[in-house]
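Notes for the one structure printed next.
The values are calculated or read from the model by the stated rules, or taken from the named source; none is laboratory data. Please read all numbers here as calculations on a predicted model, not as lab measurements. Note that we place each Cβ from the backbone using ideal geometry, even for glycine, and neighbour counts take in every protein chain shown. Note: areas computed on protein heavy atoms with side chains; ligands, DNA, RNA excluded. Shrake-Rupley method; radii C 1.70, N 1.55, O 1.52, S 1.80 Å.
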Amino acid sequence: MNNIVIVRVDEIGLKSGNKMLFMKQLKNNIESKFKDLFSCKILGNRIYLFPKKTFNNRDLDNLGKIFGISSYSVAKKIDKDFEKMEEEAYKLVIEALNNDFDSCKSFRVSVNRADKSFPMISPEIAARIGEYVLSNIPSLTVDLTQPDINIEIDIRPEGVYLFKERVRGPSGLPVGVSSTGTVLLSGGIDSPVAALLMLRRGMVINGVNFYSPPFTGPKSLDKIIKISSIISEYTPFPFHLYVVPLTKIQMLFKDLEENQFSVVLQRRSMMRIADKISNLTGTKVLITGESLGQVASQTVENILTISESTQKVIFRPLIGSTKNETIEISKKFGLYETSILPYEDSCSVFVPQNPATKAQLRKIKQIESYLPEVSVLEDEVINESKKYEIRDGKIEEIDVFKMVKGGIL
């Protein structure tokens, strides 16, 4: 069994003093998902996965959910023997042709001679191996720009690696290198994407969702748990979800005479609740899925008024994105089909007919001063929240708020 997996990085390779810290975190993240299948070793800007047992391509699907990976390849490792290189390159072409020797496909041999002590230079190696393949499969043609088959040969001090495919990874930074955050997670399209984008920047996160029983039913709760389950597949750390019943607070704002401000008041309350849960769980920032101008609460004026309700920094990774751009990312991460299920969440309950788009902070604070019971209700609903720990899609209801671990930088 001499097939191994080569994992490549991109921006991690540009790090200087902290590069090995990033590489070790990526190695740990890979091992957390593949500990029974591979042992891992860092060499330069790569991580090599050595199989403990036979594997197939489907076994590698989870590599596409590990942030920090630029691409990976299943490779054959051989000694630095030129005749052996010719034979193995020929076998890879046969595999790519699926044994169809009459196929009129094009191919190319690409050589990376990282070991400069190897006696031939890269163009010579590529030409001679290409000639060998053509002599055995004359139906092929050579195409150096857009070949159907690209055989890559990587000559390194420890041996020669040959492979025919590079599978793209999700890139970014390894989860666990970029501090911690709490995402305000709805059942829509935007905030789950915001959560994935912050994971891709290396952040360890938990989530706070708001629901409105009995106006949002059990299917809405099932939906947010399913979304959280998908998110959990992209992090080696447990994803903790806290589901907060917001109905009492929403009813209080709904019955106000100046009902046009209810959305902004509700969002400020949600921010304060998320802030308190962030403090309970030790996260550093809040994260939302807001996009400038998308809905009434996301005008500059309302965003500023809502933001004032917390002292924490709020990350808004989608602030300049269009809806179509966000939808494309949602589809890419496998979230979209769940996010569009037609079950309401608390954000869509009790929306006034004409919500204010430029709520002044002075006015909002004046209304809040008439409602001292809001603070009491916020503490009450935090205590009534449901709590879940989700690991790789496996869901467990828990009793307490848990401190977030990870985020070493």
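How many residues are over 24 Å from Ser179 (Cα atoms) and open to solvent by less than 10 Å² (accessible area, probe 1.4 Å) when one looks only at region 272-298?
Here the count works out to 1.
Scanning region 292-317 for residues that are over 17 Å from Pro355 (Cα atoms) and touching a helix residue (DSSP H, G or I) at 6+ places or on another chain (Cβ under 9 Å) returns Ser307, Glu308, Ser309, Thr310, Gln311, Lys312, Ile314, Phe315, Arg316, Pro317.
Would you confirm whether or not region 299-315 contains a residue that is buried (at least 16 other Cβ atoms within 10 Å of the Cβ), within 19 Å of Ile227 (Cβ to Cβ) and not β-branched (Val, Ile, Thr)?
Looking through region 299-315, at least one residue is buried (at least 16 other Cβ atoms within 10 Å of the Cβ), within 19 Å of Ile227 (Cβ to Cβ) and not β-branched (Val, Ile, Thr).
Among the residues of region 317-326, those that are closer than 30 Å to Thr247 by Cβ and surrounded by fewer than 19 Cβ atoms within 10 Å (Cβ to Cβ) comprise Ile319, Lys323.
When region 1-30 is filtered for residues that are within 22 Å of Arg166 (Cβ to Cβ) and either modelled with pLDDT of 95 or more or aromatic (Phe, Trp, Tyr) (or both), the ones remaining, listed by number, are Ile4, Val5, Ile6, Val7, Arg8, Val9, Phe22, Met23, Leu26, Lys27, Asn29, Ile30. The numbered conditions (1) in contact with a Lys or Arg (Cβ under 8 Å, 6 or more places away or on another chain); (2) assigned to a strand (DSSP E or B); (3) touching a residue at least 60 places away in the same chain (Cβ under 8 Å) are all true for Glu397 except (3).
Residue-by-condition table, conditions (1) under 30 Å from Lys105 (Cα atoms); (2) under 14 Å from the mean Cα position of the chain (by Cα); (3) open to solvent by 10 Å² or more (accessible area, probe 1.4 Å):
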residue	(1), (2), (3)
Val167	yes, no, yes
Ser178	no, yes, yes
Leu185	no, no, no
Leu197	no, yes, yes
Gly207	no, no, no
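Suppose the filter is at pLDDT 95 or above and either open to solvent by 10 Å² or more (accessible area, probe 1.4 Å) or within 20 Å of Glu384 (Cβ to Cβ) (or both); does Pro213 pass it? Considered against the rule, which asks whether it is at pLDDT 95 or above and either open to solvent by 10 Å² or more (accessible area, probe 1.4 Å) or within 20 Å of Glu384 (Cβ to Cβ) (or both), Pro213 comes out as no. Somewhere in region 222-229, is a residue within 22 Å of Asp10 (Cα to Cα) and in the same structural domain as Asn302 (by the TED database)? Among the residues of region 222-229, not one is within 22 Å of Asp10 (Cα to Cα) and in the same structural domain as Asn302 (by the TED database), which makes the answer no.
Suppose we filter region 313-344 for residues that are more than 30 Å from Asp61 (Cβ to Cβ) and in a loop (DSSP other than H, G, I, E, B); how many remain?
Qualifying residue count for the region: 5.
Scanning region 244-261 for residues that are open to solvent by less than 20 Å² (accessible area, probe 1.4 Å) and over 18 Å from Ser186 (Cα atoms) returns a single hit, Phe253.
Here are some residues: Leu265, Leu246, Leu256, Leu280. Which one is more than 25 Å from the chain's Cα centre (by Cα), of a type outside the set (Ser, Thr, Tyr) and over 17 Å from Gln353 (Cα atoms)?
Sole residue among the options that is more than 25 Å from the chain's Cα centre (by Cα), of a type outside the set (Ser, Thr, Tyr) and over 17 Å from Gln353 (Cα atoms): Leu246.
The requirement of being open to solvent by less than 40 Å² (accessible area, probe 1.4 Å) and at pLDDT below 95 is not satisfied by Ser330.
Looking at Pro174, Pro218, just one residue is farther than 22 Å from Asp275 by Cα and buried (at least 24 other Cβ atoms within 10 Å of the Cβ), and that residue is Pro174. Of the residues making up region 355-393, those that are free of Cβ contacts under 8 Å to residues at least 60 places away in the same chain and either open to solvent by less than 20 Å² (accessible area, probe 1.4 Å) or not in a helix (DSSP H, G or I) (or both) are Lys358, Gln360, Tyr370, Pro372.
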